[in-house]
Amino acid sequence: MDRQHDPTEVPAAVGGYTNALEVPPGHRLLFISGQIPETPDGEVPDGVEDQCRLIWQHIVSCLRSADMAVTDLVKVTTFLSSRDVAAANTQVRREFLGAHRPALTVIVTGIFAPRWKLEIEAVAAAAPK
C-alpha cells in the first residue's frame with residue numbers, strides 16, 4: 001500500500017509548541033539573538049534550570065525593551081548541549097510561556113562555551129503601535 005503524502009497534513013503539535021503561525025501584514029518584528037546563561041558581570045549559574053531561567057529573563061527583557069511580551073513570541077529556537085538538558089528546558093519554558101504556544105525548534109548541538117548548557121533565540125511579532 002503505497003500512499004501519497006498530502007503536504008498539507010502534518011502531525012499534531014504535542015507539547016509546548018504549534019506547527020505554524022502566520023504574522024499578519026504590518027506587524028512589528030523583533031529578532032532576538034541567541035541568549036546565553038550569563039549575568040551582566042559574566043557569572044554563569046551551575047544548574048540547568050537556573051541557566052534556563054536566566055536566559056528566559058534575558059528574553060523577557062529584550063521583549064520589554066520593544067514593548068512586547070512573551071505572548072508576542074512567534075518562533076523560539078533552543079540549542080541544547082545534550083539531551084539531558086531537555087526536561088529542564090521544557091519545564092522552565094512552560095513556566096515563562098504559560099499557555100502560549102509559539103512555533104518551536106529544539107536542537108542538540110555543540111554550544112560555544114563549555115559552561116553553557118543551552119542558548120535560546122526567538123522572534124516576536126506585535127501589532128503596530
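Report the normalised scattering of the stretch 16-66 as log10 I(q)/I(0) at q = 0.14, 0.16, 0.20, 0.31 Å⁻¹, calculated by the Debye formula with identical scatterers on the alpha carbons.
-0.51, -0.62, -0.83, -1.18
Tell me the mean residue ellipticity at 222 nm calculated for the chain from its helices only (DSSP H runs of n ≥ 4, each -39500 (n - 2.57), averaged over every residue, nearest 500).
Working: 2 runs with 30 residues, N = 129.
The helix-only estimate for the chain comes to -7500 deg cm²/dmol at 222 nm.
Which residues in the stretch 51-68 have a backbone N closer than 12 Å to a point placed 7 Å from the Cα of residue 91 along the Cα-to-Cβ line?
Correct set: 51-53.
Compute the FRET efficiency between residue 9 and residue 50 as 1/(1 + (r/R0)^6), taking r as their Cβ-Cβ distance and R0 = 41 Å, and round to the nearest 0.05.
Efficiency computed from Cβ-Cβ geometry: 0.55.
Distance in nm between label sites at residue 82 and residue 41, each 7 Å beyond Cα in the beta-carbon direction?
In this crude label model, residue 82 to residue 41 measures out at 3.0 nm.
Neighbouring Cβ atoms within 10 Å as the yardstick, rank 79, 96, 112 fewest first. Write out the running numbers ahead of the final one.
On the way: 79 20, 96 16, 112 10.
So the ranking, lowest neighbour count to highest, is 112, 96, 79.
Using alpha carbons only, what's the Rg to Rh ratio of the chain with Rh from Kirkwood?
Details: Rg = 16.2 Å, Rh = 15.8 Å.
Rg divided by Rh gives 1.03.
Output the relative contact order of the chain, whole-number percent, from Cα pairs under 8 angstrom with separation of 6+ residues.
Details: 203 pairs, mean separation 51.0, N = 129.
After rounding, I find 40 percent.
With θ set to phi - 60°, apply the Karplus curve 6.51 cos²θ - 1.76 cosθ + 1.60 along the stretch 69-75 and write out the HN-Hα couplings as whole Hz, x wherever there is a Gly or Pro.
After applying 6.51 cos²θ - 1.76 cosθ + 1.60, I find 9, 4, 5, 8, 5, 10, 8 Hz.
Computed from the coordinates by the stated procedures, all read-outs in this text should not be read as laboratory data. Please read these numbers as outputs of a predicted model, since none were measured by experiment. Note that each Cβ is placed from the backbone with ideal geometry, even for glycine, and that neighbours are counted across all protein chains shown.
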